[in-house]
Every structure is written in structure tokens, then in C-alpha cells.
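Each remark here refers to the structure printed beneath this line.
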Amino acid sequence: MLKPKMPVRLNAAEETLIAQLTGAGDSAQAERLSVTGLPTRRVESYHYTDLKMLLKSVPPLVGAANTASAPALRLAGAYRLLIANGEPQASATAPAGVIVGSSDGAALSVHDDVLVRLNTAFAKKSLSLTLEGTVDPIIQIDRRTEGTAAHSASSARIFVADDSSATILETYSGSDEAHLTNNASYIAVGRNAQVTHITVDLSSDGVTHFATNEYVLAEGAKLRTLAIHAGSALARTQIFAKFAGEGAHADIAGLNLVDDGQHLDFTLDVNHAVPNTTSQEVFKQVGRGRSKAVFQGKIVVARDAQKTDAKMMMQGLMLSDQAEILSKPELEIYADDVVCGHGSTCGELDADSMFYLMSRGISRAEAETMLVRGFLKEVLDPIEDAELNEALTAVVDDWLVGGK
Amino acid sequence: MTNPILEIRNLHARIEDREILKGVNLAIPAGELHAVMGRNGSGKSTLSYVLAGKEDYEITEGEVLLDGVDLLGMEPNERAAAGLFLAFQYPIEIPGVATMTFLKAAMNAQRKSRGEGEISTPDFMRAVKEAGASLNIDASMLKRPLNVGFSGGEKKRAEVLQMALLAPKMCILDETDSGLDIDALQVVSKGVNALRSEQRSMLVITHYQRLLNHIVPDVVHVFSDGRIVESGDKSLALQLEAKGYADFDSEPA
């Protein structure tokens, strides 16, 4: 017998979000949220990141940016595009092969996911980029939330034309306030195009950072991604990749650098929808202090997607007894002629290696740094551009020597 | 008589519930090379690990002085800075750490502890090249991650290279001959002999006399059941080789 469902008890964060949705004219989403509430751990895809519990409050919706912080990462050769408080800003003359514009509305496809729905409701404008030919400079999308604590949504839609190649770096930072930012990137990789897409969260200590990176790969496309969490109090990057054309390949990587008091989550959904596509997922998580690192990775192979080859790996490294590293790899395979695998390992620094390094005079702290750097090499080494590789290595090194 | 470089007094150590060192006494004066010989499982390697500061062991009694300074309260890196060097029986492979990066970090760590600045890259390269040449260590070996994919001989040569670069006053060589063919043994021995000096002492741990033909000791100690049971000159090693260790086993309690 069906029991009438009890209405959810709404908390302060949910009430604010509902009011903000109503104010933005999205009564449908407001209504939906007031019925469902934010996802709890009973929702599978939020099992380790119970938003209802973790999101204590939501700051007011963002206004225009009146002040400016510095870019979180500076690359001398990059073509930099700024999105401040969700609003794409005017940029310098675009280099050859780059068309910059903006469009109304958000960029993500429809997903049954609250962060996607909220981004779609609040992102009023998307930065739009078309990349054609061999795009030489690195394209940096510099997203910042400025001013007092604010709820900000930003969006970018990127098309990489057939047979083209480009490297895109996205950074997230801003003023030192407890912002809630919800960022979206939709990247369509054309036939035989080659794209490297890197996202680095360098938000300040109190920030709640959400990002959804959606990829669609056409025939023969090659994609390399690397997402780095090196900031915020609570962060979740969702990576949705869809193989829409045969012969496409993706290397999808993530680096979760989690310090005391932080809860940082990577949630991955790779969809091999057509035959003959390959992917390799490598996620590394390092936890320090009392912290929580989360990886959820799901690979779906459709019934027709024969000859799919997909391998997913999560490796965790605990630098303290109170660091928690959670991992949930999933394979959902409907085809019968595929090679799919996943692995998940977790451990501490190897005591024999520590002893060996220290026996040569290297201090405990430096030996630790050397070993962690070695552990992370696998995800940083494939970034071929020397300047970019150096900048990302510096992000890791800052984290390693900095601490909180 | 001057103070010994290394002095071990009544050293007892255990791992979990098992006592392995049962009262080791040993003094090595400056410039001397002593050999400790004993059968497998007699506690020789434990002695080397305890001296270098490996965490797994609990010291229950005794003391160890390096140049008059108490070693046992120090972290492994502090012992290295004080001048102790252990050439490992099984050097650890560390993927992800480049050999050159490691060598430079080790040299700089020790310079820092002496209050010196970092070594310049050209000086560092020159030092590695010079020390590597006599050990047949070429650039390709140095380009690999630390000890990864090194043959037995390469690993031991790399240990001696580190020893040469770090210039310790007390070297402990743990089973340096294990895993070496005769050619490699000669190269390694030559490297070790080149480092012998009036200011430097060495402790060579081995269970074969073979190594001591190449690295000739001033004093030989026989190690059995966690302590030194006999000491003598190099002829003691030959005696052991001929008769085995049985004569030196401790009396039943």
C-alpha cells in the first residue's frame, strides 16, 4: 500500500535557494526543490557528499563585479578570458582561429542533477568560444567571484571545430569570502579534433565550489582532461563525458588535494554510447589533516558500443590518520565485446622509501614532499606544454609545502 | 688514544617481542675499517638498521655514539647530517623520484645542516660526473627514477656514488657484495677503497669472506645471536671461511 510521502523539512540553504529561484522567475525549479530538497546521502550520486547536510547556507545572488582580484594563475603566453561574477567580460583581440562571443542562457545539456539544474536556472549568460585550426596560445578562462560573499553561476560553451586542436585552462578564484559558485563548461570536440582541458580550483578557504564539465566527443576526437582541486571548503567537480562518434579517445584525470577541514568530490560519468571508443581515467587523491576526499566514477557502455576499451583507476594517499579517502568506481556494461576495468587503491607513504630518503639526510617533510610529488607525476607528466606543466606543478608544490 | 668515530655500548634492540641485538659492544677508531661477519639471521642487518635509525626497532638498552654524540635520539636524517651513511643491502626503488633530483636534495639537505648554501647546478653536475666516472655510472643510469630498473650491480654502484657525494665520516656497508658478479664486485670495492681515509671509518657487514679480499679490513668481528663473540685481524675471516660459524656459536644457556 502506498503511503503518502512526508514533505521534506527544508533547511536554511534550501529556503534561500527556493527564494532565489522564485526571484529569478523559475517557479518550476523552486517548486521542485521545495518538494525534493537538496540531495542527501540516500541519493546514490551524492552518497558521499550529502548536500543537505554540507550546505549550511547560501549567500545572496551575486551582483556585478566592482572590484577585481588577481588571476589565480598567470601564463605568459595564454589568451585570457575573464568571467567575473558570472558575467563574461570584454577581452583583448582574439588570436587566429578563436571566435569569442556570449549567448543568453546556460550551456549544459539536461541532466537529472541538482547542480546542473541550479546552474541552468541562474547562469544568465554563457561565454561562447569557437576554436578553429591549430589554436596556438593556451586559452585561459579565468572565472572569479568578486566582492562580498555571493552565490554566483557561470557558464561557458566551447566548440572545437573538426580537425582542430586547442588547450584550454580554466581557473576559479576570487575575493576571500564564503562564496557559493556553480560553474559549467560544455565542450564539444569535433571530428578528429584534439583538445586538452584543464580546470583548477584555487578558490579561497571558505568557498563552496561546484563545477560541471560536460564533454561530447565526435568521431576520431581526442580529449585529455585534468581537473585539480586545490582550494575551497567544499568542492565538487562533475565530469560528464559522452562518446558520440567512433574512434574517439579520452584521457580523463583528476587530482584531489584535500587539506584539514575540506570536503572535495570528483564525480565522473563516462558514457561510451557508440562502438570503438576508448577511455582511460586516472584519479589521484591526497588527504591531509581531518579531511574528506571523494571519488565516484561511473563508466557506462551502451548496448551497441562494442569494442569499447575503458580503464579507470583511483589511487589515494593518506598523509594523516584522520584523512578519509572514499572511492566508488562503477561499471555499467550493456555490450558484450568490451574491455573494461577499474581499480582502486589507498595507502600511506611507503615507510621504507621514507627511511631511505631520510637516511640520506633529507628531512621528513621534504621526503614526504618528494614522495607525494612522485605519486602525482603520472597525472601531471602528460601535460606537454612546458609553461602549463610548470604552473600546475607549482599549484601542487604550493599545496605540499603550504598546508593550512 | 683518540675517541672512536663510532662507539656502540651494550646495545639491545627488539622488533615486536623478539630480541635481536643482545648486547653489542664495538668501537671503531678513525680511519679504520671493521668487518662484521655472521650467518644469515644473526642480527647483522638489524645492527645496520638500528644504527641508521629505522623505526621498526625498539632500543631497550645501551647507547651509540658517533664522534662522541649520542645517535639514538636522532631522526635518520639527523644521523646522516651527523656523518653516518648506510649503504643498503637492498636499495629502495622509488618510482616518481628522479635520481638526480634525489642526489641534489640529499646533498643540499646536508649542506643546509652544516649552515652552507645550496650547491650550484654546475658544481653539482661536475661532482656527480666525477664521482660517477670511476664507478662506471653513466648519464643514462642517472636519468632513471631512483633505483628503478637498476640491476643489482647498478644499485650497489649507486649506493657508493651517494657515499662519495655525501662524504660521511662513518660508512656502514650492509651486504654490499650480495647480488654482485665478480666484475661488479671489483668496481664497487674499488669505489669503497677510494673513499677510505684517515678521517673516515667504515663498518662492512657481510657473511662471505669474498668481499674482504677486495676490501681488506683492519679488524674482523664475528657476530652470532645478536652480539659480537670474537674479534681479530683479517685472518679471522679466513678462519671462518674454512671452518664455518659453528665454532663461534654461543654456548647453550
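Each value in this text was obtained by applying a stated rule to the coordinates, not by laboratory testing. Computed from a predicted model, the values in this text were never measured in an experiment. When we count neighbours, we look across all protein chains shown, and the Cβ atoms used for this are built from the backbone with ideal geometry, even at glycine.
Worth pointing out:
- Cα-centred dipole magnitude for the protein assembly as shown, charges only on beta-carbon of K, R (+1) and D, E (-1), debye, nearest 20: 760
- Inter-part distance where the stretch A:180-200 and the stretch A:328-404 are each reduced to a Cα centre, Å: 23
- The amide H of A:Asp350, built 1.01 Å from its N in the peptide plane, has no neighbour under 5 Å, considering only residues 5 or more places off or on other chains.
- Dipole magnitude of the stretch A:71-349, debye to nearest 20 (Cβ charges: Lys/Arg +1, Asp/Glu -1, about Cα centre): 260
- Cα centroid separation, the stretch A:9-85 to the stretch A:131-162: 18 Å.
- Cβ-derived FRET efficiency at R0 25 Å, A:Asp352 paired with A:Asp381, nearest 0.05: 0.55
- With one equal scatterer per alpha carbon and no solvent term, the Debye-computed log10 I(q)/I(0) for chain A at 0.09, 0.11, 0.14 1/Å reads -0.53, -0.81, -1.32.
- In a fully extended conformation the segment linking A:Asn11 and A:Lys311 would gain 104.0 nm over its present Cα-Cα distance, using 0.36 nm per residue.
- For the residues of B:90-97, the average number of beta carbons from a partner chain within 10 Å of their own beta carbon is 6.
- The Cα-based radius of gyration and maximum Cα-Cα distance (Dmax) for the stretch B:6-248 are 17.6, 55 Å.
- Entry note: the stretch A:317-404 has Rg to Rh equal to 1.08, where both radii use alpha-carbon atoms and Rh is the Kirkwood radius.
- Note on the stretch B:127-199: Cα convex hull, mean projected area over all directions, 4.8 nm².
- √(5λ) per eigenvalue of the Cα gyration tensor, the stretch B:48-113, largest first, Å: 24, 16, 9
- Magnitude of the charge dipole, the stretch B:6-248, Cβ model with Lys/Arg +1 and Asp/Glu -1, debye to 20: 660
- Centroid-to-centroid separation of the stretch A:266-327 and the stretch B:72-142 [C-alpha atoms, Å]: 37
- Karplus-based coupling profile of the stretch A:381-386, in residue order and whole Hz: 3, x, 6, 6, 4, 4, with θ = phi - 60° in 6.51 cos²θ - 1.76 cosθ + 1.60 and x standing for Gly or Pro.
- Simple rule: put +1 on each Lys or Arg Cβ and -1 on each Asp or Glu Cβ in the protein assembly as shown, find the dipole, and look at B:Gly191, B:Ser42, A:Val195; the Cα lying farthest toward the positive end is A:Val195.
- Computed Kirkwood radius, in angstrom, where 1/r is averaged over Cα pairs of the stretch B:171-253: 13.8
- For the protein assembly as shown, with +1 on Lys and Arg beta carbons and -1 on Asp and Glu, the positive-most of B:Leu65, A:Leu61, A:Ile252 along the dipole: A:Leu61
- Here the ratio of the Cα radius of gyration of the stretch A:141-245 to 2.2 N^0.38 Å is 1.13.
- Sites B:Glu55 and A:Glu44, calculated FRET efficiency, Cβ-Cβ separation with R0 60 Å, nearest 0.05: 0.90
- Using a Förster distance of 30 Å, the FRET efficiency for A:Ala19-A:Ala68 (Cβ separation, nearest 0.05): 0.55
- Dipole of the protein assembly as shown [Lys/Arg +1, Asp/Glu -1 at C-beta], most positive-end residue of B:Phe88, B:Asn213, A:Thr171: A:Thr171
- Modelled spin-label separation between A:Glu31 and A:Arg290, with each label point placed 7 Å from Cα along the Cα-to-Cβ direction: 4.3 nm.
- Rg(Cα) / (2.2 N^0.38 Å) computed for the stretch A:157-199, rounded to two decimals: 1.50
- Theoretical ellipticity at 222 nm over chain A - DSSP helices of four or more residues, -39500 (n - 2.57) apiece, nearest 500: -6000 deg cm²/dmol
- Based on C-alpha pairs under 8 angstrom that are at least 6 apart in sequence, the stretch B:6-248 has a relative contact order of 29 percent.
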